[in-house]
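Let me give you the structure first, and then I'll get to my questions.
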Amino acid sequence: MKTKTLLISCPSSHSAQARAQQMFTVDVKGHGKPVIFIHGLYCSSEVWKETVERYQKNYECHVLTLAWFWG
């Protein structure tokens, strides 16, 4: 599984880009058309584990982990 940290471009502030790095990460599995999975309020990206296992054969699954949602 590849893990990517996406940056939100903000030309006026490098500190905004640093904060964006801490906001979420993206795990990528599979090949094909991209599909994005976002977890709910009180859970983590683990909620998508079985779904990603099923669809990664035909799709590139991007599983977001939002740092401020779960805990």
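The values are calculated or read from the model by the stated rules, or taken from the named source; none is laboratory data. Here the structure is a predicted model, which is why all the values come from computation and not from measurement. Here the Cβ is made from the backbone with ideal geometry for all residues, glycine too, and neighbour counts use every protein chain on show. In case anyone asks, the SASA skips ligands and DNA or RNA and just uses the protein heavy atoms, side chains included. Shrake-Rupley method; radii C 1.70, N 1.55, O 1.52, S 1.80 Å.
Carbon and sulfur together cover what percent of the accessible area of the stretch 22-71 at a 1.4 Å probe radius?
Carbon plus sulfur share of accessible area: 57 percent.
Please report the relative contact order for the stretch 22-71, taking Cα pairs under 8 Å with a sequence separation of at least 6, and give it as a percent rounded to a whole number. Provide the component values of the computation, followed by the final result.
Values: 95 pairs, mean separation 27.7, N = 50.
Relative contact order comes out at 55 percent.
Once label points are set 7 Å from the Cα along Cα→Cβ at both residue 25 and residue 46, what is their separation, rounded to one decimal in nm?
Taking the two extended label points, one gets 1.4 nm.
Hey, another quick one. Length gain on complete extension for the stretch residue 67 to residue 38, per 0.36 nm per residue less the alpha carbon to alpha carbon distance?
Details: separation 29, 0.36 × 29 = 10.44 nm, distance 1.17 nm.
Additional length available on full extension: 9.3 nm.
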